[in-house]
Amino acid sequence: MHEYSIAYDIFMTAKKAAEDNLATQVKKVCVGFGEMTLINPEQVAFLFETMCEDDPIFKGCKLESSTVPVKATCKCGYEGNERFVCPKCGAMPEIVEGREVMVTNIEIEVDE
């Protein structure tokens with residue numbers, strides 16, 4: 001179940017950012033899931049929010065997910081979203097976006 005390890009990594013990334021910025025509360029963590037990751041964002045959100053229940057700084061924190069579309073390039077000059085066969089030359093394009101899981105934003109509160 002790799003969703004658990006992904007949820008844990010997201011949680012620890014947010015926790016480190018919160019500690020580094022002296023946060024009193026983490027409100028929301030935004031994550032981009034590439035179309036080709038084969039990850040279930042709803043399962044990751046459930047696991048992440050379960051982890052948050054045990055940490056007072058994360059009480060009520062939500063995971064907001066978005067989909068990162070596939071972006072591919074080919075040595076012939078093609079750029080687009082074709083994953084398997086370049087429509088210009090028939091070669092295999094290189095996927096440059098759409099396989100990542102990336103924390104894009106962390107919303108925190110700090111005491112001033």
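Values quoted throughout were computed directly from the atomic coordinates according to the rules given, and no laboratory measurement underlies them. Given the structure is predicted, the values throughout are model-derived calculations rather than measurements. All Cβ positions, glycine included, derive from the backbone under ideal geometry; neighbour counts span all protein chains shown.
Provide the gained length on full extension for the span Cys89 to Gln43, in nm with one decimal, where the gain is 0.36 nm per separating residue minus the Cα-Cα distance. Could the numbers behind the result be given before it?
On the way: separation 46, 0.36 × 46 = 16.56 nm, distance 3.88 nm.
Contour length minus Cα-Cα distance gives 12.7 nm.
Under the 0.36 nm per residue contour assumption, what length would be gained going from the current alpha-carbon distance of Glu79 and Tyr8 to full extension? Before the final figure, lay out the partial values.
On the way: separation 71, 0.36 × 71 = 25.56 nm, distance 3.41 nm.
So the extension gain works out to 22.2 nm.
I'd like the orientation of helix 2-20 relative to the chain: the angle between its Cα long axis and the longest Cα principal axis, in ° from 0 to 90, rounded to 10.
The answer is roughly 60 degrees.
Give the aspartates and glutamates reachable from Lys88 as a straight Cα distance under 20 Å; neighbours fewer than 8 places away on the same chain don't count.
Filter leaves Glu79, Glu97.
About the Cα centre, and with charges only on the beta carbon of Lys, Arg (+1) and Asp, Glu (-1), how big is the dipole of the range 42-112? Nearest 20 debye, please. Provide the component values of the computation, followed by the final result.
Numbers: 7 positive and 15 negative charges, 176 e Å.
Here the size comes out at about 840 debye.
Any idea which of Tyr78, Ser66, Tyr8 is furthest toward the positive side of the dipole for the chain, if Lys and Arg beta-carbons carry +1 and Asp and Glu beta-carbons -1?
About the Cα centre, the residue reaching furthest to the positive side is Tyr78.
Counting DSSP beta bridges in the chain, what percent are antiparallel, to the nearest 5?
Among the beta bridges of the chain, antiparallel pairing accounts for roughly 65 percent.
Let me confirm the definition first: pairs of Lys residues in the range 24-87, 8 or more apart or on different chains, C-alpha distance under 24 Å. How many are there? Before the final figure, lay out the partial values.
Values: Lys27/Lys59; Lys27/Lys62; Lys28/Lys59; Lys28/Lys62.
Total qualifying Lys-Lys pairs in the range 24-87 comes to 4.
State, as an integer percentage, the relative contact order of the chain based on alpha-carbon contacts under 8 Å between residues 6 or more apart. Write down the numbers at each step before the final one.
Details: 214 pairs, mean separation 39.5, N = 112.
Computed over the chain, the figure is 35 percent.
For a quick size check, give me the Cα extents of the range 15-76 along its three principal axes, largest first, whole Å.
Answer, in whole Å and largest first: 52, 25, 13 Å.
Can you compute the radius of gyration and Dmax for the chain, using only the Cα atoms, both in Å?
17.6, 58
Name the residues whose placed amide hydrogens come within less than 5 Å of the amide hydrogen of Lys27, ignoring near sequence neighbours (fewer than 5 apart) on the same chain.
Those lying under 5 Å, H to H, from Lys27 are Glu107, Ile108, Glu109.
How far apart, in nm, are two points set 7 Å out from the Cα along the Cα-to-Cβ line at Glu53 and at Ser66?
3.0
Suppose the chain between Val110 and Glu35 were pulled fully straight at 0.36 nm per residue; how much longer would it get relative to their current alpha carbon spacing? Please report the intermediate quantities before stating the final value.
Values: separation 75, 0.36 × 75 = 27.00 nm, distance 3.40 nm.
Contour length minus the Cα-Cα distance gives 23.6 nm.
Counting each DSSP H run of 4 or more residues in the chain as -39500 (n - 2.57), what helix-only mean residue ellipticity at 222 nm follows after dividing by all residues, to the nearest 500 deg cm²/dmol? Show your work: numbers first, answer last.
Values: 2 runs with 31 residues, N = 112.
Counting only the DSSP helices, I get -9000 deg cm²/dmol.
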